[in-house]
1. Just to be sure I follow: if Rg is taken over the C-alpha atoms of the stretch A:149-283 and Rh is the Kirkwood radius over the same atoms, what is Rg/Rh?
2. What is the extension gain from residue A:255 to residue A:25, computed as 0.36 nm multiplied by their sequence separation minus the C-alpha to C-alpha distance, in nm to one decimal?
3. Roughly how compact is the stretch A:74-203, stated as its Cα Rg over 2.2 N^0.38 Å to two decimals?
4. For the stretch A:177-216, what number results from the quotient of the Cα radius of gyration and 2.2 N^0.38 Å?
5. Using R₀ = 45 Å, calculate the FRET efficiency as 1/(1 + (r/R₀)^6) where r is the Cβ-Cβ separation of residue B:325 and residue B:419; round to 0.05.
6. Just how far, in whole angstrom, is the stretch A:93-151 from the stretch B:342-362 if you go by their alpha carbon centroids?
7. Can you give the FRET efficiency for residue B:294 and residue B:399, using 1/(1 + (r/R0)^6), R0 = 22 Å, r = Cβ-Cβ distance, to the nearest 0.05?
8. Compute the Rg to Rh ratio over the stretch B:206-284 from the alpha carbon atoms, using the Kirkwood formula for Rh, and round to two decimal places.
């Protein structure tokens, strides 16, 4: 009897020792699972809510209104002549995407404890789905942005084509930090409590309600250490065009941001891969 | 050359008890211990270590159906987890040829907010099925589950039976080379169990390898050809199933009429419930292993509640040695008991059940335990907590030294009338 042995996949069981190989092929084999987890996230998020999907639009709009009243009208944050509502909205879009993605990717792993202790699949699928599902929300809230651009008569420039790249950077940043935090969360549930604080503080460290130009020029490179600065300023540059960048060039900032993001992401993948083998035992 | 599906060599798995039973793993503890002794590896004393698996070696041929039996905590589930790559072994190696599919505790991976249809796709993907595969099997799955009418209803509105059938249907239709089944048959009605067993023998007939863990000896006997008996993380016997089942039934049980639970035998998720002891007591109040069929017997279960529980019911399953159910009884079956003990405060409890004389036939019987709240939560279950023997001396009909069929031997009122 000749069975074609070549087609039968062989799995080796071995103790977890030393550095794991990254084995990203595994993840590729389970791409449909990532798709379904993302889809589940979306389906479930607005179920049994009265307003349903409108929350996607309401969230940034309410935020923007509050910021406009507080920082635009009362505190009069300088915006280089840009109307404050669109100035803040352009930054809020990537920020809210990032904050949501980071929260989901760092906490959903522990939420799936039941699954992790019973079924094998690449654990990374869960945080990845966490950052992907926010993209749909993001795309929907772009509608508001288009409306506001029409209202403020902002003529789109070619810069706008760079938007997906900045979004991609936000996604990688959220995933990088999400991988670190979710893996740590399996062991230290403190992370669950910590994440909201991290995000709150991070929001103020990022020029969301103010512009990077508020910071004196010689300290501005420090902002680059926060990859979200590159993303947020990149968004403003892409949406508001040359109107915004009169005396400020986001280029160098952006390069620093990309470097930091890649370092966090790659180390996050390595850390996650090396700890995921013990998840089922300690979760 | 024989065709080996699973080969494992000296597989061991170690757990640290501290990590299992109390979560001291907060960042603060970690940091303080790092500050106190930053370069020292924190020593773990031997009694904190549990070898869930110890030097397990075996080969399993392709297409065979293997049963795994053993007491709670014997390492059966850990073995399946290692084989399905959920967790890594601490030492030893294994080689698995083919795709492994696990038939899980039913409903793992179901999302209550999603509809039946959506859950089929989601659960299929979690179990490693491709989307096209799921699409191809979709109708078959719905047919098998008998929930076609409710397929677009969120599963949180399903009855527990529907939920179960759907979950089983998805898992049963994934076509792995090696199917791993852990205790799925502990739930569901008889009709459902029959259907599941049928499906599983289909799988076996298609030449797939099946590993089947169960406490249900008749299912093991019906389904498997060969059985591994596990005890304390080791395989103590591998033999044709009927031989292995007999070995398992006649060994491993303490012969004193008392079963005491060690801390490491109590599953983590039982809290706040913890079983202490189960005793078989005769008419004189002695703890014994053999009861005369003409005397009343008491089954006493001692347990601790660390928090108050509403609606708790503690009960026994009485089974024959081969695993057929004789009856099930709960301490709050009577309405007045149910009202009186609707809430049980924390404390040590005894639930005692008196079984009248002349109930059982000669032979060996098994007592299983269940502590649960109806449809809400199962705190603790052990289908084979203890066994006892019935000595038939003085039972009805003993003047004929023949074997009486059936597990019970009641003393009944006969009338003979001559017209």
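No value in this document is a laboratory result; all are computed from the given coordinates. Here the structure is a predicted model, which means the values were calculated and not measured. Neighbour counts are summed over all protein chains in view; Cβ atoms, including those assigned to glycine, are modelled from backbone coordinates with ideal geometry.
1. On the way: Rg = 17.5 Å, Rh = 16.4 Å.
Computed over Cα atoms, the ratio is 1.06.
2. Values: separation 230, 0.36 × 230 = 82.80 nm, distance 2.89 nm.
Between residue A:255 and residue A:25, full extension yields an extra 79.9 nm.
3. 1.26
4. 1.53
5. Approximately 0.65, to the nearest 0.05.
6. Using only Cα atoms, the two centres lie 52 Å from each other.
7. About 0.90, to the nearest 0.05.
8. Checking Rg against Rh, the ratio lands at 1.06.
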